[in-house]
Amino acid sequence: MHADQPNRDALAAAFRAIDGAVDLVLLAGDLTTYGQPEQAALLAEICRPLEVPVYAVLGNHDWHCNRVPEIVALLSGAGVRVLDRSWAVEEVDGASVGIVGLKGFIGGFPDSQLPDFGEPILRQVYAETTEEVDALEAGLEAVKGSDYRIVLLHYSPTVTTLEGEPRGIWPFLGTDRLAEPIAEHRPDVVLHGHTHAGRFEGAIGDVPVFNVAVPVLGRDFFVFELDGAAVKAA
């Protein structure tokens, strides 16, 4: 996504093309380039006339200027539902779709995990990830009665979508601590961004996970179909 003035026209065309062709638009973070409110205002202008419901989570780019409340206010004012450690249920053709949305955070994977030990600043990172994991658990519990359940993240919850990225940066691309509530509640699909050189398809047990970063997709949007038995990518 990375909305900014240079890609404004391309973004507007991409959203116009998808409007009316899908039931929901889900944005997996990095909505802006540097987290500047004027960049969020640009995306808000593009999304305001859309008929299709738009849900989004924040990414690390959106936090860069530490002006998240302004970004959220601008997007919310344009009808974009920003999920930040929260959840929502959308009715689509008589079916309820539960969406659990959060940024996620770093922490690493087997053989590279940050422990809850040592200097306070490192323990703060661990605690921040714990809050994300707890919010994911609470959200999945809240939407457990929905016909379909989607987890929308920015950071990756599994190494299965990281292949292609240098292993040295894997701890900064996500953490499998996020996988624990996913494995327990088994939503229909998990979507994340952030991993620009990783793999498109992965899994947590039998739960499909898709890396929807635009450089991986090679297109502006990817269409997923949930039919109750499997997730189809089109």
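The values are calculated or read from the model by the stated rules, or taken from the named source; none is laboratory data. Being a predicted model, the structure only gives us computed values, none of them experimental. Glycine also receives a Cβ, built like all others from the backbone with ideal geometry; neighbour counts cover every protein chain displayed. Heads up: the accessible areas ignore ligands, DNA and RNA and are worked out on the full protein's heavy atoms, side chains in. Shrake-Rupley method; radii C 1.70, N 1.55, O 1.52, S 1.80 Å.
Brief remarks follow.
- Some residue of the stretch 143-151 being touching a strand residue (DSSP E or B) at 6+ places or on another chain (Cβ under 6 Å), outside any loop (DSSP other than H, G, I, E, B), modelled with pLDDT of 95 or more and basic (Lys, Arg): yes
- Where strands (runs of 3 or more DSSP E) fall wholly inside the stretch 170-229, the ranges with 2 or more residues that are open to solvent by 10 Å² or more (accessible area, probe 1.4 Å) and touching a residue at least 40 places away in the same chain (Cβ under 8 Å) are 201-204.
- Residue count for the stretch 115-145 under the criterion of being of a type in the set (Gly, Ala, Ser) and crowded, with 21+ Cβ neighbours inside 10 Å: the result is 2.
- Within the stretch 90-114, the residues that satisfy the criterion of being assigned to a strand (DSSP E or B) and open to solvent by less than 30 Å² (accessible area, probe 1.4 Å) are Val92, Ala95, Ser96, Val97, Gly98, Ile99, Val100, Gly101, Gly108.
- Within the stretch 200-223, tally of residues that are on the phi > 0 side of the Ramachandran plot and touching a helix residue (DSSP H, G or I) at 6+ places or on another chain (Cβ under 8 Å): 1
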